[in-house]
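The values are calculated or read from the model by the stated rules, or taken from the named source; none is laboratory data. None of these values were measured; they are calculated from a predicted model. Counting neighbours? That spans all protein chains shown, and the Cβs are built from the backbone with ideal geometry, glycine included.
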Amino acid sequence: MTAPPIVLHARPTRRQLVRLRLRLFLRNPVLLLSSTGLLAGAPVLRLFWPGISDRPWPQAFNFYFVLLPVVALVFLAIWTFFGLNHPATRAYLRDGADYAFSEDGLATSAAMGESKARWEIFDEAVEFPESFVIRIGYMQHFLPKADFAAGDEERLRSLLRERLGRRARMMRNW
């Protein structure tokens with residue numbers, strides 16, 4: 001006999017969505033390395049300049065000590081808030097979405113449409129202290145833990161571990 005599906009109506013707040021996007025940014029090695037390079041690039045270049053060139057340090061480069069960290073912070077802000085005003089995101093924040101996790105996969109229903117996804121196409125599931133994030137391609141599903149019924153949070157955690165294996169990164173000692 002199969003277990004009943006885990007059903008929830010997720011409706012994250014804008015603040016929760018921003019916090020999750022920041023967390024995901026800090027987990028992404030490409031974005032993190034790009035930002036670190038922008039922040040540390042000019043000071044590292046200045047440090048190694050005498051070994052790189054016979055010429056004196058160009059005074060115009062001092063501008064980059066200020067500019068590159070500002071660019072890195074702007075990049076972080078743009079990435080975090082990019083897409084929050086998209087019609088689908090606005091509808092999600094306003095109306096939420098219905099999720100049903102079963103042995104077959106995930107079924108979603110929201111104002112912008114419905115979809116079904118089998119477990120094989122899931123890229124990863126990540127648990128944070130206040131939510132789960134399910135990634136399928138470029139689509140990210142944010143599931144606040146406050147929206148789960150009693151016991152469903154643990155059932156979902158077990159189901160994700162069982163179906164996704166190593167692609168499920170569940171909470172460890174937050």
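Give the stretch 156-174 a look and list any residue that's within 20 Å of PRO12 (Cβ to Cβ) and not hydrophobic (A, V, I, L, M, F, W, C), or say none. Within the stretch 156-174, ARG157, ARG169 meet the criteria.
So, of the residues in the stretch 136-149 that are surrounded by fewer than 16 Cβ atoms within 10 Å (Cβ to Cβ) and at pLDDT 90 or above, which turns out to be farthest from LEU20 (Cα to Cα)? Residue satisfying both the conditions and the ranking: ALA149.
Does ALA110 count as surrounded by 12 or more Cβ atoms within 10 Å (Cβ to Cβ) and free of Cβ contacts under 8 Å to residues at least 60 places away in the same chain? Yes; evaluated as a whole, the condition is true for this residue. Just give me the residues in the stretch 125-155 being under 23 Å from ARG14 (Cβ atoms), free of Cβ contacts under 8 Å to residues at least 40 places away in the same chain and out of contact with any strand residue (DSSP E or B) (no Cβ under 7 Å at 6 or more places or on another chain), in sequence order. TYR138, MET139, ALA146, GLU153 - these are the residues of the stretch 125-155 that are under 23 Å from ARG14 (Cβ atoms), free of Cβ contacts under 8 Å to residues at least 40 places away in the same chain and out of contact with any strand residue (DSSP E or B) (no Cβ under 7 Å at 6 or more places or on another chain). For the stretch 156-173, the criterion of being exposed (fewer than 15 other Cβ atoms within 10 Å of the Cβ) and within 18 Å of ARG21 (Cα to Cα) is met by at least one residue. Among the criteria (1) under 19 Å from THR13 (Cβ atoms); (2) within 15 Å of the chain's Cα centre (by Cα); (3) crowded, with 18+ Cβ neighbours inside 10 Å; (4) not charged (D, E, K, R), the one PHE122 does not fulfil is (1).
How about the stretch 37-64: which of its residues are surrounded by 12 or more Cβ atoms within 10 Å (Cβ to Cβ) and either hydroxyl-bearing (Ser, Thr, Tyr) or touching a residue at least 24 places away in the same chain (Cβ under 8 Å) (or both)? Across the stretch 37-64, the qualifying residues are LEU38, LEU39, GLY41, ALA42, TYR64. Restricted to the stretch 94-104, and to residues there that are surrounded by fewer than 17 Cβ atoms within 10 Å (Cβ to Cβ) and touching a residue at least 40 places away in the same chain (Cβ under 8 Å), the residue that is farthest from ARG19 (Cα to Cα) is GLU103.
None of THR80, THR89 is touching a residue at least 40 places away in the same chain (Cβ under 8 Å) and within 13 Å of the chain's Cα centre (by Cα) except THR80.
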